[in-house]
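Step one of this worksheet: look at the structure below.
The values are calculated or read from the model by the stated rules, or taken from the named source; none is laboratory data. This structure is a prediction, so every number in the text was calculated from the model and none was measured. Using ideal geometry, Cβ is built from the backbone for each residue, glycine included, and neighbour counts are taken over all protein chains shown. Just the protein is used for accessible areas: all its heavy atoms, side chains included, with ligands, DNA and RNA removed. Shrake-Rupley method; radii C 1.70, N 1.55, O 1.52, S 1.80 Å.
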Amino acid sequence: MSYYGSIEAGGTKFVCAVADEELTIVERISLPTTLPEETLANVFDFFDQYELKGLGVGSFGPIDVNVQSATYGYITSTPKKGWRNVDLLGLLKERYAIPIAWTTDVNAAAYGEMHLGAGKQTQSCLYLTVGTGVGGGAVVQGAVLQGFSHPEMGHISVARYPGDTMESVCPYHEQCLEGLAAGPALEKRTGIKGQLLPEDHEAWGVEAFYLAQALMNYTLILSPEKIILGGGVMKQAHLLEKIRRSLEVQLGGYVNVPEEYIVGCGLGDNSGTLGCLLLAKEGV
Ligand code: ADP
Ligand code: ZN
């Protein structure tokens, strides 16, 4: 029997899975991201046990997704040690002579959520993860949105919350969304990890303000049918409602968003894996 494979390549772990024709996951493992050679050896050990007919890869980035480019399939300017300019797709293709779909981790998650999860009733949706970093992907009319490169929604510029003088945690930008609202920013602002921060702490209002401001911009530019939020920080159930309220205030009544517009993940921790598997199945 042959299977579809999925690789969610993250900066801290590689989640690999194989699934049958119905995309029922047969086996799933999580491998630590060390150096490319070592990590890939473990990835190969896992997939070599199976006969694969297609593979979907959602990678941390930035990555080259432009098929016209000489470095298509590479992880490009990442600060992650050992991974800069690694031809990840090429190395996988060398090992497995099968169709391999290649996109960002968040695009894969957006794809999975739109087709199989919280966005199932839609054709266009946006997925944003708020964790160690902030990243977003969009699916428009059923297909992943990419241009000369892939979107970098985590690094859009945001206006500061009045009185917030905390230094951004993004080394590139003084006031980008990731720099002011990723998990490490929340921790820097309060001195407390997000998972331990009390629900009534005022920093949640600041967090909701930044995220809602970004969602307002995405809404005005893309008008997706739904925005799906994931990542560690979004495990705080109360945050979703705070973001919805802040978005309404910030939009100022100019745009009325649909019911159930801002929602949590429908696939739990499997958005990326199922997105990759679906991309593999469709041979995208
Ligand atoms: P990664 O982004 O590395 O894949 P996560 O999505 O879990 O992993 O993000 C980790 C960040 O999210 C950390 O800054 C952590 O403090 C924060 N975080 C994790 N769990 C929670 C939680 N339950 N509530 C709030 N913040 C959390
Ligand atoms: Zn930034």
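Things worth noting here:
- Test: residue in segment 165-186 that is away from ligand 1 (no atom under 16 Å from the Cβ) and more than 23 Å from the chain's Cα centre (by Cα): yes
- Taken together, the residues in segment 1-58 that are open to solvent by less than 10 Å² (accessible area, probe 1.4 Å) and of a type in the set (D, E, K, R) amount to 0.
- Yes/no for residue 203 being in contact with a Ser or Thr (Cβ under 8 Å, 6 or more places away or on another chain), within 14 Å of ligand 1 (Cβ to nearest atom) and over 25 Å from residue 221 (Cα atoms): yes
- Every condition in (1) open to solvent by 20 Å² or more (accessible area, probe 1.4 Å); (2) outside any helix (DSSP H, G or I) holds for residue 209 except the one numbered (2).
- Residues in segment 95-130 that are under 23 Å from residue 42 (Cβ atoms) and within 16 Å of ligand 1 (Cβ to nearest atom): 104, 105, 108, 109.
- Here is the figure for segment 81-95: residues that are surrounded by 17 or more Cβ atoms within 10 Å (Cβ to Cβ) and touching a residue at least 40 places away in the same chain (Cβ under 8 Å) total 4.
- Cβ-Cβ under 7 Å pairs, at least 6 apart or on other chains, segment 209-220 side among the basic types (Lys, Arg), far side open to solvent by 10 Å² or more (accessible area, probe 1.4 Å): none
- Out of 271, 246, one residue alone is among the small types (Gly, Ala, Ser), in contact with a strand residue (DSSP E or B) (Cβ under 7 Å, 6 or more places away or on another chain) and either over 17 Å from residue 128 (Cα atoms) or in a helix (DSSP H, G or I) (or both). It is 271.
- Among the conditions (1) more than 9 Å from ligand 2 (Cβ to nearest atom); (2) open to solvent by 20 Å² or more (accessible area, probe 1.4 Å), residue 137 misses just one, which is (2).
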